[in-house]
Amino acid sequence: PPLQRVLAGQITDLGAWEGEAPDYADELALARLRVLERQGRQHEYLYLAQAEGQIELYVLMLAKMGRTQEAIEEGIEYLATPRALFDLAKVLRERGELEGALRVAEHGLALKAPPASDGYSSYYVEHEKAELASWTADLAAGMGQRERALHAAETAFRVAPSLVGYLKAQELAGQRWPAIKPTLLEQLRHSRSADAKVDIFLHEHLIDDAIASLKDSYGYGLLERVMDAAISTRPDWVIKAASAQAERIIDAGDAQHYDHAIGWLRRARDAYRAAGRPADWQGYLGAIKTNHGRKYKLMGLLQGL
């Protein structure tokens, strides 16, 4: 009977229950809502979603029914996460309600991360916001709303920097790029994303920044990329860093990784040459041969240098 009353539009604080709702109330409500949606009973769906506090599903159904203004107003008022607002914006876009979709999406981007104690950590909010921001930038750009697209692109870059996001912001900024670029680069310097830092700093030929970004990474691939880019302009740094990596392997007698040591030594050799110090390279190589002459596998590999 309480369920029948709710489906008839008689909604109370008890929802679809006579007394206190059981622990499984949410799961049962979701199952019932799925059935109602399949049966096309949209108004009853709205009643039950409202009665059971399923506000996200309630708002989405409003949008699917074409009750766009209600969906927008209710979504902005009650939806509290970027993900929920993203879902609503996508439904509105599918229905051709582009301005409404953009308005909802921008509201999602303006949400602040909740305190960690709320159980919905700032990490997840920022991850959702980055995805939403990239989508919003594409939507706004497609609508010819270049300024709104740029704002969304800047938000996406600030939350989750990447070379793709950087280039998108550059494209949208147009002639304003020289004024915007320094701000994005400064934000990047304070990011913890070593991959994004290396990608973008190397793209901009900011070798010192790329070198500094390596302190946030333990990835040899990034180190190799920065070394290769820095040989001609920062040879002394390459010599020091590459030699340290090679010596770590050689001193440990790690024969199965001697080929990696050779790769590091090859970079050190090229850096010595770039620095105009070929004699120093020969001296360094000679010292390795003297100190590790009994490591026959290594001696054979060194012949290629």
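The values are calculated or read from the model by the stated rules, or taken from the named source; none is laboratory data. If you're wondering where the values come from, they're calculated on a predicted model, not measured in any experiment. Ideal geometry is used to build each Cβ from the backbone, glycine not excepted, and the neighbour counts take in all protein chains shown. Ligands, DNA and RNA are excluded from the accessible area calculation, which covers all protein heavy atoms including side chains. Shrake-Rupley method; radii C 1.70, N 1.55, O 1.52, S 1.80 Å.
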- [ ] Determine whether residue 6 is in a helix (DSSP H, G or I), at pLDDT 95 or above and either among the β-branched types (Val, Ile, Thr) or touching a Leu at 6+ places or on another chain (Cβ under 6 Å) (or both).
- [x] no
- [ ] Identify all residues within the range 70-89 that are within 28 Å of residue 40 (Cβ to Cβ) and in contact (Cβ under 8 Å) with a residue 24 or more places away in the chain; write none if there are none.
- [x] 71, 72, 75, 76, 79, 83, 84, 85, 86, 87, 88, 89
TODO: Name the residue, out of 139, 150, 132, that is touching a Pro at 6+ places or on another chain (Cβ under 9 Å), of a type in the set (A, V, I, L, M, F, W, C) and either under 23 Å from residue 87 (Cβ atoms) or crowded, with 18+ Cβ neighbours inside 10 Å (or both).
DONE: 132
- [ ] Tell me which residues, restricted to the range 213-251, are hydrophobic (A, V, I, L, M, F, W, C) and either out of contact with any Lys or Arg (no Cβ under 8 Å at 6 or more places or on another chain) or surrounded by fewer than 18 Cβ atoms within 10 Å (Cβ to Cβ) (or both).
- [x] 214, 222, 223, 226, 229, 230, 237, 239, 241, 244, 246, 249
Task: Candidate set from the range 190-212 (those that are under 18 Å from the mean Cα position of the chain (by Cα), at pLDDT 95 or above and not hydrophobic (A, V, I, L, M, F, W, C)); member that is most open to solvent (accessible area, probe 1.4 Å) - done: 199
- [ ] Identify the residue in the range 4-29 that is touching a residue at least 24 places away in the same chain (Cβ under 8 Å) and farther than 9 Å from residue 52 by Cβ and, among all such residues, is farthest from the chain's Cα centre (by Cα).
- [x] 8
Open item on the list: Being of a type in the set (Gly, Ala, Ser), closer than 24 Å to residue 272 by Cα and open to solvent by 20 Å² or more (accessible area, probe 1.4 Å) is the requirement here; does residue 160 meet it?
Closed with: no
Task: All positions within the range 80-103 that are modelled with pLDDT of 95 or more, part of a loop (DSSP other than H, G, I, E, B) and buried (at least 17 other Cβ atoms within 10 Å of the Cβ) - done: 97
